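Trainee: Submitted below is the structure of interest, expressed as structure tokens.
The values are calculated or read from the model by the stated rules, or taken from the named source; none is laboratory data. These numbers come from a predicted model, not from an experiment. As a convention, Cβ positions derive from the backbone with ideal geometry for all residues, glycine included, and neighbour counts pool all protein chains shown. Surface accessibility is based on the protein's heavy atoms, side chains included, excluding ligands, DNA and RNA. Shrake-Rupley method; radii C 1.70, N 1.55, O 1.52, S 1.80 Å.
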Amino acid sequence: MNIAFQQVAVIGAGAMGRGIAQIAAQAGSQVFLYDTQAEASQKALIAVHQVWDSLLAKGRLDSETVGRYKTQLHTASQLQDLKNCDLIVEAIVERLDIKKSLFLELENLVSESTVLVTNTSSLSVTAIAAALKRPAQFAGYHFFNPVPLMKVVEVIAGLKTNSDVCVRLTAFAKQMGHTPVQANDTPGFIVNHAGRGYGTEALRIVSEGVADFATIDRILKDQVGFKLGPFELFDLTALDVSHPVMESIYNQYYQEPRYRPSVITAQRLAGGVVGKKVGEGFYKYQDGKAIVAPDQAVPEVKEFPPVWVSPRASRRLELLQLLKDLGATIETGASPSPHALTLVAPLGFDVTTVAVVERLDPARTIGIDMLFDDAGTKRRVLATNPATRSDMRDAAHALFAKDGKAVSVVRDSGGFITQRVVANIVNIASDMCQQGVCSPQDLDVAVTLGLGYPVGPLALGDKLGPTNVLEVLFNLQTVYGDPRYRPSPWLRRRGAIGLSLLHTED
Ligand code: NAI
């Protein structure tokens, strides 16, 4: 195979550097690991050898291959030793001044054709390259931790990067067994930018007292299929990492309201309650396991009231069929009888507003989130309004739990929890396409592989129907008057043709 880069240097032998060195050696390059701490590169070499040995022991690699890999990975004791490399990847401390001075030194050492690359996660590739004589030879490779298992890499073009350099880096990424995606040099690149919709909206929901952390995690996992709830994710990443990232992207975009961080994480960070690694975050941990309060118990209800469904409910026919399957007595009159449990299923609006607009008795009115197809979710979510009677709440809870599906009852807010979070994720992704951060295809690939979402944000928007997502956003904007919910022009334009399809305008 014709390898894109024969001699590769990796500078910084920490968590990222050793992973990059491993996959570069596996691609067939001669790899040189350098670290200012000599013992760090030696430790990294031993760690990578151990990975290969364990893959050999598991039968995933043969001994000849492991032997070859080992001969391709070397340590270097000084920067001088890297002068013949045709690619140098930097994975040192995340400081602009230190990265800049390293590359200035390297540029004087290596040949004109050498490609220099930073693995920065939050700095501007263009800013690092600004002082270089050959910024065209400089680009970003944003890998994810752990590198060998997270099979996606963002190839980032700075303002002056030569497109041939990105083509070569893309080819090399594939040779390393990774899926490359192309990103323009913008704050957060693709994955860390697209990830803004999840945690920030969940925090906002908590700040309004709609539900507690654990309930929000349960709902988003069971309704959308996220592997981790936003608060489980915060605990895993730790707030000393994720809160500064939230602030940095918000400020780099000049206080764009869509990315606004929360005082909740600022305070918890100040208090040291940063996550699993310190034994307490949004959850408390015992022996490394989160202590999770039990799910809401299903109330015992002996007699169920008849049910009336608003003619404006979303997925109304599906909802009526579901009620039939659950054995409910369904009223068919133009308005509910005086005893009826009154169901509404708004998109974006709160239950109270719907009850008022539709002139329904708020004491008997309950909302159900029907954004997703009920058959495709593991949990139903009901919302009360401040006037809802407890017997009506309990009847609705017990009725929708009759077939054994989990049910959460939350407080009223504009949009339901899932609607708000999903609409934000789709909207931010759409706006990234609007800004030309990347192509719609690369966006979905990067987010699926980099964040482990069940589907890419744009494919998710298509699954739910872009017009439904738009309706949620328009109505959230009406309820909150907050510009963070304004729909991206790209989402409006693509609403009719779909979000994830390749289109001539991309
Ligand atoms: P780390 O702290 O595990 O390793 C950094 C290594 O660089 C250390 O061994 C240190 O001795 C060495 N080093 C520091 N300054 C140096 C210099 N001037 N010359 C040579 N070696 C030097 O850090 P980690 O987590 O591996 O991160 C490295 C880079 O990768 C950072 O820019 C970080 O933002 C980025 N990154 C990190 C991710 C992560 O999840 N840890 C994900 C994506 C990117």
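Trainee: Amide H neighbours of L33 under 5 Å, counting only residues 5+ apart in sequence or on other chains, H built in-plane at 1.01 Å?
Mentor: HN-HN under 5 Å from L33: V10, H74, T75, A76.
Trainee: Turning to a different aspect of this structure: When the helix-only estimate is applied to the chain (DSSP H runs of n ≥ 4, each -39,500 (n - 2.57), divided by the residue count), what is the mean residue ellipticity at 222 nm, nearest 500 deg cm²/dmol? List each step's numbers first, then the result.
Mentor: Numbers: 20 runs with 219 residues, N = 506.
Theoretical 222 nm ellipticity from helices: -13000 deg cm²/dmol.
Trainee: Okay, moving on. Hey, with R₀ at 56 Å, roughly what FRET efficiency would Q434 and Q42 work out to, going by the Cβ-Cβ distance, to 0.05?
Mentor: Details: r = 48 Å, r/R0 = 0.85.
Efficiency, rounded to the nearest 0.05: 0.70.
Trainee: Label A136 and D325 with points 7 Å out from Cα along Cα→Cβ: what is the distance between them in nm?
Mentor: It is 6.2 nm.
Trainee: Over the Cα atoms of the stretch 193-291, what Rg and Dmax result, in angstrom?
Mentor: Calculated on Cα positions, Rg and Dmax stand at 13.1, 42 Å.
Trainee: To the nearest 0.05, how large is the calculated FRET efficiency for A293 and D482 if R₀ is 41 Å and r is the Cβ-Cβ distance?
Mentor: Details: r = 30 Å, r/R0 = 0.74.
E between A293 and D482, to the nearest 0.05, is 0.85.
Trainee: Return P(r) of the stretch 138-213 (all Cα-Cα pairs; 10 Å bins starting at 0; whole %; ordered from short to long distances).
Mentor: Result, from short to long distances: 18, 37, 23, 15, 7, 0 percent.
Trainee: So what's the Cα pair-distance distribution over the stretch 307-410, bin width 5 Å, in %?
Mentor: P(r) over the stretch 307-410, rounded to whole percents: 2, 13, 27, 29, 20, 7, 1.
Trainee: Same structure again: Once you put a point 7 Å from the Cα of A266 and another 7 Å from the Cα of S337, both along the Cβ direction, what distance in nm separates them?
Mentor: Computed distance between label sites A266 and S337 equals 5.4 nm.
Trainee: Separate question: Just name one of N192, A423, A157: the one whose Cα is farthest towards the positive end of the charge dipole of the chain (beta-carbon charges, Lys/Arg +1, Asp/Glu -1).
Mentor: A423
Trainee: Please state the relative contact order of the chain as a whole percent: Cα pairs under 8 Å, 6+ residues apart? Each step should come with its number before you reach the end.
Mentor: Values: 940 pairs, mean separation 60.3, N = 506.
Relative CO of the chain lands at 12 percent.
Trainee: Checking the cross-link filter: which lysines have an alpha carbon closer than 21 Å to that of K99, excluding same-chain neighbours under 8 positions apart?
Mentor: Cα-Cα hits under 21 Å: K83, K133, K160.
Trainee: Could I ask something else about it? Find the relative contact order for the stretch 7-185 and round it to a whole percent, using C-alpha pairs within less than 8 Å whose residues are 6+ positions apart. List each step's numbers first, then the result.
Mentor: Working: 335 pairs, mean separation 37.3, N = 179.
Answer for the stretch 7-185 is 21 percent.
Trainee: Report, in debye and to the nearest 20, how large the dipole of the stretch 307-410 comes out about its Cα centre when Lys and Arg carry +1 and Asp and Glu carry -1 on their Cβ. All intermediate terms of the calculation are to be shown ahead of the outcome.
Mentor: On the way: 13 positive and 12 negative charges, 17 e Å.
Around 80 debye, computed over the stretch 307-410.
Trainee: Sticking with this structure for a sec: When only Cα pairs under 8 Å and 6 or more residues apart are kept, what is the percent relative contact order across the stretch 307-410? Present the calculation step by step, with values, prior to reporting the outcome.
Mentor: Working: 166 pairs, mean separation 26.2, N = 104.
Value for the stretch 307-410: 25 percent.
Trainee: A follow-up question, please. Measuring from the lowest to the highest alpha carbon on each principal axis, how far does the stretch 235-391 reach, largest first, in angstroms?
Mentor: If we take the Cα atoms of the stretch 235-391, the spans are 56, 42, 30 Å.
Trainee: Share of Cα-Cα pairs in the chain beyond 40 Å, in percent? Before the final figure, lay out each step's value.
Mentor: Numbers: 41140 of 127765 pairs.
For the chain, the fraction of Cα-Cα distances above 40 Å is 32 percent.
Trainee: Can you tell me how much longer the chain between K58 and V278 gets when fully stretched, taken as 0.36 nm per residue apart minus their C-alpha distance, in nm with one decimal? Could you put the intermediate results ahead of the total?
Mentor: Values: separation 220, 0.36 × 220 = 79.20 nm, distance 3.32 nm.
That works out to 75.9 nm of additional length.
Trainee: I want to make sure I understand the PRE zone here: with the label point 7 angstrom from the Cα of V356 toward its beta carbon, which residues in the stretch 176-209 have backbone N atoms less than 20 Å away?
Mentor: Correct set: 208-209.
Trainee: I've got another one for you. Can you list the lysines whose alpha carbon is less than 24 Å from that of K289, not counting same-chain residues fewer than 8 positions off?
Mentor: The reachable lysines, counting only those whose Cα sits under 24 Å from K289, are K221, K227, K276, K277, K378.
Trainee: Could you calculate the FRET efficiency of L104 with T179 from 1/(1 + (r/R0)^6), where r is the beta carbon distance between them and R0 is 30 Å, rounded to 0.05?
Mentor: On the way: r = 32 Å, r/R0 = 1.07.
The formula returns an efficiency of 0.40 here.
Trainee: How much of the accessible area of the chain, in percent, comes from carbon and sulfur atoms when a 1.4 Å probe is used?
Mentor: Working: 11410 of 21400 Å².
The value for the chain is 53 percent carbon and sulfur by accessible area.
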